[in-house]
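Notes to accompany the following structure.
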Amino acid sequence: MKTPRLGFGATFTRGKTHVVVSGGFTTGFKPTKKTEVYSIPKNAWAEAKEMVVARTAHSLCEVGTGQFIYAFGG
């Protein structure tokens, strides 16, 4: 990940070609809104749209055809 963190949420996309990681604690145990996507075929990380609210210890779920990823809990 570009932003080191712990206590984040993660999920595979439907085709299992990408991993979405969001939130968690960054340096100094500060919750973050950051979201990153790992492309398995490209072996590369990219930043994605931030969450509205910083979350930690939450879960992620892809809905529909991959247009939406929902964060819940945390």
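Some observations on this one:
- Here the 3J(HN,Hα) profile of the range 36-50, calculated from phi with Karplus coefficients 6.51, -1.76 and 1.60 at θ = phi - 60°, is 9, 10, 9, 8, 5, x, 8, 6, 9, 9, 9, 7, 10, 4, 5 Hz, Gly and Pro shown as x.
- Whole-Hz couplings from phi, Karplus 6.51/-1.76/1.60, listed for the range 4-13; x for Gly and Pro: x, 6, 9, x, 8, x, 8, 7, 7, 7
- Label of the coordinate-derived value, Rg/Rh (Cα atoms, Kirkwood Rh), listed as [x] 0.99; [y] 0.95; [z] 1.47: [y]
- Modelled FRET efficiency - R0 35 Å, K30 with T65, Cβ distances, 0.05 increments: 0.55
- Simple Cβ-charge dipole of the chain, Lys/Arg +1 and Asp/Glu -1, about Cα centre, in debye nearest 20: 100
Each value in this text was obtained by applying a stated rule to the coordinates, not by laboratory testing. Note that the structure is a prediction, hence the values are computed from the model and not measured. Every residue, glycine as well, gets a Cβ built from its backbone with ideal geometry; the counts of neighbours run over all protein chains shown.
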